[in-house]
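S.K.: Here you go, one structure.
Coordinate-derived values only; no laboratory data. No experiment lies behind these values; they were computed from the predicted model shown. Cβ coordinates were reconstructed from backbone atoms using ideal geometry, including for glycine residues, and neighbour counts include every protein chain displayed.
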Amino acid sequence: MEYFPAPGRNHLFVPGPTNVPEKVIQAFSRGNEDHRSPAFATLSKSVLDGVKDLFKTKTATSFIFPTTGTGAWESALTNTLSPGDKIVSFRLGQFSLLWIDQMQRLKFNVDVVDCEWGAGADLNILNAKLAMDYNHEIKAICIVHNETSTGVTNSIPSIRALLDKHKHPALLLVDGVSSIGAIEFKMDEWGVDVALTGSQKALGLPTGLGIVCAGPKALEAAKTATSPRVFFDWADYLKFYKLGSYWPYTPSSQMLYALRASLDLIFEEGLDNVIKRHARLGEATRLAVAAWGLKLCTKRPEWNSDTVTAVVVPPYINSLDVVKMAWKKYNLSLGVGLNKVAGKVFRIGHLGFVNELQLLGALSGVEMILKDIGYPVVLGSGVAAAAAHLQKKTPLISSRL
Ligand SMILES: Cc1ncc(COP(=O)(O)O)c(C=O)c1O
């Protein structure tokens, strides 16, 4: 294997996969075991309950698949919908684009609402579509809560409010891959029917778990939905839940121990504190970008994401050079611009188990790179703006004497 050594730690600031905490690494460093033992059933129940706390739901049923976010998408769609069913979905970045592509390949009838990359979902269009849909042909609204490619967070309560206003029964399916466990997410309060995430983002685990919570309406829909499904079939899982042995096929036991460790870390910090930490880091990053005289890809502050900041570079710079230089010179990993914003945007991920000083290190790296590639930045300007915010907003660590 080719290996590119570099001194010190890599600064992993892509918006997933994220840093894996030491306690999580210790938790998955173990051998195989009998996944039908009573001890494993106890672990299984505890993680299935734990993810419900993470999604802020008491009414949903949770499923943990050995898959990625893409598999979790497929599970959400195929369990609740039948081929030909009409879905309204917003295409406003690479991940919403890919989910829509999956919907189309699964033979759903997708009414795609194209929005500018950098903007949030156009709620006026949704309002009009729901108002016109007298016969309730729309079976689901599918939305990416946090569009990781553009740094846009959509308002899920606003979408629920529109569905309620029109007394529309469509299911609300939400991709929370780069939000759940980092940005406020209230599955029950927001009336989300299916919510999903992946293990390699806020949870700081290796890639390999797709976590899905299905509310009562979604479980009811699953009884009649005719989309072919095998690996992701909720019914198979539900059978095993009744038996108290939880898994229709062999789970990755190591990943489930790691998930337990990650949930413990999150709940020890306090989920609300985790969310506040992300808000602090997000705001500090945006202040740094402003101090550099650069613009966000995100078009309006109400859509600002607290897990990823997409930075637009001036036309004479290729954003890929920023990312390459970061890796080559400073051992810093940043996110590239994807698809429509390739070359125009680079992304700073501030998601998962990351703290104030780590972020300041990454921001100082970005400043130096900007100077390296010929952008007239004042070294220290972004770091100073971010530090001023963090110095004011960072609380004492409550577990420390
Ligand atoms: C918002 C969002 N949804 C879905 C995915 C796809 O997840 P995965 O790569 O785990 O399949 C990603 C990946 O980055 C994402 O950011």
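S.K.: Work out from phi, with θ = phi - 60° and the Karplus expression 6.51 cos²θ - 1.76 cosθ + 1.60, the ³J(HN,Hα) of each residue of the stretch 63-68, listed in order in whole Hz, and give x for Gly and Pro.
M.R.: 9, 10, 9, x, 7, 10
S.K.: Just to confirm the number: angle between the C-alpha axis of helix 319-330 and the first principal axis of the chain, 0 to 90 degrees, nearest 10?
M.R.: Helix 319-330 sits roughly 70 degrees off the main axis of the chain.
S.K.: Only residues of the stretch 138-181 count here: report those whose backbone N is under 19 Å from the spot 7 Å along Cα→Cβ of Ala131, or say none.
M.R.: In the stretch 138-181, the label zone of Ala131 (backbone N under 19 Å from the point 7 Å along Cα→Cβ) covers 138, 158-170.
S.K.: What does the convex hull of the Cα atoms of the chain come to per residue, in Å³, rounded to a whole number? Walk me through the intermediate numbers first.
M.R.: Numbers: hull volume 61.2 nm³, N = 401.
It comes to 153 Å³ per residue, whole-number rounded.
S.K.: What number, rounded to the nearest 500 deg cm²/dmol, is the helix-based mean residue ellipticity at 222 nm of the chain, given -39500 (n - 2.57) per DSSP H run of at least four residues and division by all its residues?
M.R.: The helix contribution divided over the chain gives -13000 deg cm²/dmol.
S.K.: In addition: Could you check the simple spin-label distance between Lys107 and Lys328, using points 7 Å along Cα→Cβ, in nm with one decimal?
M.R.: Distance between the two pseudo-spin positions: 4.9 nm.
S.K.: So what's the angle, to the nearest 10 degrees on a 0 to 90 scale, between helix 381-393 and the longest Cα principal axis of the chain?
M.R.: For helix 381-393, the angle is close to 60 degrees.
S.K.: Let me ask something else. Quick one: what do you get for the stretch 6-145 if you divide its Cα Rg by 2.2 N^0.38 Å?
M.R.: On the way: Rg = 19.8 Å, N = 140, 2.2 N^0.38 = 14.4 Å.
So the stretch 6-145 has a normalised radius of gyration of 1.38.
S.K.: Right, another one. Taking the Cα centre of the stretch 1-151 as the origin and placing charges on Cβ (Lys, Arg +1; Asp, Glu -1), which of Val88, Phe4, Val112 is farthest toward the positive end of the dipole?
M.R.: Highest projection toward the positive end goes to Phe4.
S.K.: What angle, in degrees between 0 and 90 and rounded to the nearest 10, separates the Cα long axis of helix 69-80 from the longest principal axis of the Cα atoms of the chain?
M.R.: Tilt of helix 69-80: around 30 degrees.
S.K.: Okay, moving on. Relative contact order, percent, of the stretch 122-182 when contacts are C-alpha pairs under 8 Å separated by at least 6 residues?
M.R.: It rounds to 44 percent for the stretch 122-182.
S.K.: So if I place +1 on the C-beta of Lys and Arg and -1 on the C-beta of Asp and Glu, and nothing else carries charge, what would the dipole magnitude of the chain be about its Cα centre? I want it in debye, nearest 20.
M.R.: Around 300 debye, computed over the chain.
S.K.: Identify, among Asn304, Ser399, Pro66, the residue whose Cα sits farthest towards the positive end of the charge dipole of the chain, taking +1 on the Cβ of Lys and Arg and -1 on the Cβ of Asp and Glu, with the dipole about the Cα centre.
M.R.: Working it through, the farthest residue towards the positive pole turns out to be Ser399.
S.K.: Let me ask you something else. With +1 assigned to the C-beta of every Lys and Arg and -1 to the C-beta of every Asp and Glu, and no other charges, what is the dipole magnitude of the stretch 317-401 about the Cα centre in debye, to the nearest 20? Don't skip to the answer; put the middle values down first.
M.R.: Working: 10 positive and 4 negative charges, 29 e Å.
So the dipole magnitude of the stretch 317-401 works out to roughly 140 debye.
S.K.: Which residue, Ala76, Met103, Leu259, has the largest displacement toward the positive end of the dipole of the chain when charges sit on each Cβ (Lys, Arg +1; Asp, Glu -1)?
M.R.: Checking the options against the dipole of the chain, the answer is Leu259.
S.K.: Given Cβ point charges of +1 (Lys, Arg) and -1 (Asp, Glu) and nothing else, what value in debye, to the nearest 20, does the dipole of the stretch 204-361 about its Cα centre take? Please report the intermediate quantities before stating the final value.
M.R.: Values: 19 positive and 12 negative charges, 119 e Å.
So the magnitude is around 580 debye.
S.K.: Here is a further query. For Gly343, which sequence-distant residues (separation of 5 or more, or a different chain) have an amide H within less than 5 Å of its own amide H, given hydrogens modelled in the peptide plane?
M.R.: It is Ser319, Leu320, Gly337, by chain and number.
S.K.: Another one. If a paramagnetic tag sat 7 Å from the Cα of Lys165 along the Cα-Cβ line, which residues of the stretch 182-199 would have the backbone N under 19 Å from that point?
M.R.: Flagged as within label range: 190-192.
S.K.: For Lys186 and Lys371, FRET efficiency with R0 = 60 Å and r from the beta-carbon atoms, rounded to 0.05?
M.R.: Details: r = 42 Å, r/R0 = 0.70.
Efficiency for this residue pair is about 0.90.
S.K.: Return the whole-Å distance between the Cα centroid of the stretch 327-401 and the Cα centroid of the stretch 66-132.
M.R.: Comparing the Cα centres of the stretch 327-401 and the stretch 66-132, I get a distance of 32 Å.
S.K.: How high is the relative contact order of the chain, given as a whole-number percent (alpha carbon pairs under 8 Å, six or more residues apart)?
M.R.: On the way: 784 pairs, mean separation 92.4, N = 401.
In percent, rounded to a whole number, it is 23.
S.K.: Rg and Dmax of the stretch 351-401, using alpha carbons, in Å: what are they?
M.R.: Computed over the Cα atoms of the stretch 351-401, radius of gyration and Dmax are 13.5, 46 Å.
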